[in-house]
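Can you read through this structure? Questions will come right after.
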Amino acid sequence: MNRDSVGPKDGRPVRADAQRNRARILEAAEAVFAEQGASAATDAVAARAGVAIGTVFRHFPTKPDLLKAVVMNLLDRLIGKAEAMVRDQDPNALFAFGALLMEAAASQRAIFARLAETGVQVRVADALERLRPSVDVLLERARDGGAVREDLRSDELIPLLAALCQEAVAAEWDEALRRRALDLLFDGLRRA
């Protein structure tokens, strides 16, 4: 069972329609916040999801709860994509993963900023720790395939990726700067 299929308080299974509503609300929230910023009204999220505002609040009692859930939903999708990259067996997938991580962080900048206003800090390093099993496999495959230096370790790579993504979000780097920074990092990781 995943976290969406168990009730928050009593541990009982959540009805299928409630799970669908939750998924629709998260999808709508991500779209609304991307278009209008994280200060967008919760009413707009409810309207986009096609549910009553009370349904939104039943799943997410406060706006910070909704924002955190959007971030966790994004992280769950990133984990799924990283696991798919692991299954692909491509030695260069580590670079694609770094680009995916950077774009995901940049796309949620407004949500991270709004959460910070409420005292909740979202750290890319924390997210990467949940992704560590996939990162470890991608890194090992990249080393074995000659795509990166033989001495590169995940406890070095993860903080480098996290710092780059965190700064890109904090300083609001545009796409060209994000791409350039990743290229510079990747060039330093490649086998000479």
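The values are calculated or read from the model by the stated rules, or taken from the named source; none is laboratory data. No experiment lies behind these values; they were computed from the predicted model shown. As a convention, Cβ positions derive from the backbone with ideal geometry for all residues, glycine included, and neighbour counts pool all protein chains shown.
Any residue in the range 143-162 that's of a type in the set (K, R): show its pairings with residues that are outside any helix (DSSP H, G or I) at Cβ separation under 8 Å, as long as the two are six or more apart or on different chains.
R143/R149; R143/E150; R143/L152; R149/R190; R149/R191; R149/A192
With respect to L185, is the statement that it is outside the structural domain of G37 (by TED's automatic domain parsing) and either free of Cβ contacts under 8 Å to residues at least 24 places away in the same chain or under 20 Å from F112 (Cα atoms) (or both) true? I'd like the intermediate steps shown before the answer.
Working: outside the structural domain of G37 (by TED's automatic domain parsing): yes; either free of Cβ contacts under 8 Å to residues at least 24 places away in the same chain or under 20 Å from F112 (Cα atoms) (or both): no.
The answer is no for L185.
I'm told A125 meets every condition in (1) in contact with a helix residue (DSSP H, G or I) (Cβ under 6 Å, 6 or more places away or on another chain); (2) modelled with pLDDT of 95 or more; (3) not charged (D, E, K, R) except one. Can you identify the failing condition by its number?
So the condition that A125 fails would be (2).
Further, regarding this structure: Out of all the residues in the range 92-139, which are among the small types (G, A, S) and in contact (Cβ under 8 Å) with a residue 60 or more places away in the chain? I'd like the intermediate steps shown before the answer.
Going through the range 92-139, the residues among the small types (G, A, S) turn out to be 93, 96, 98-99, 104-107, 110, 113, 116, 119, 125, 127, 134.
Scanning the range 92-139 gives G98, A99, A105, A106, S107, A110, A113.
Rundown of residues vs (1) within 13 Å of F60 (Cβ to Cβ); (2) among the hydrophobic types (A, V, I, L, M, F, W, C); (3) modelled with pLDDT under 70, yes/no style:
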site	(1), (2), (3)
N2	no, no, yes
G7	no, no, yes
P13	no, no, no
R20	no, no, no
A23	yes, yes, no
A28	yes, yes, no
A31	no, yes, no
E35	no, no, no
S39	no, no, no
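Here is a yes/no grid of residues against (1) crowded, with 21+ Cβ neighbours inside 10 Å; (2) in contact with an Asp or Glu (Cβ under 7 Å, 6 or more places away or on another chain); (3) of a type outside the set (G, A, S); (4) assigned by TED's automatic domain parsing to the domain that holds L185:
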| site | (1), (2), (3), (4) |
| --- | --- |
| E27 | no, no, yes, no |
| G37 | no, no, no, no |
| G50 | no, no, no, no |
| V56 | yes, no, yes, no |
| D90 | no, no, yes, yes |
| V120 | no, no, yes, yes |
| D126 | no, no, yes, yes |
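Between A34, A38, which is in contact (Cβ under 8 Å) with a residue 40 or more places away in the chain and assigned to a loop (DSSP other than H, G, I, E, B)?
Numbers: A34 fails: assigned to a loop (DSSP other than H, G, I, E, B).
Criteria check complete, one pass: A38.
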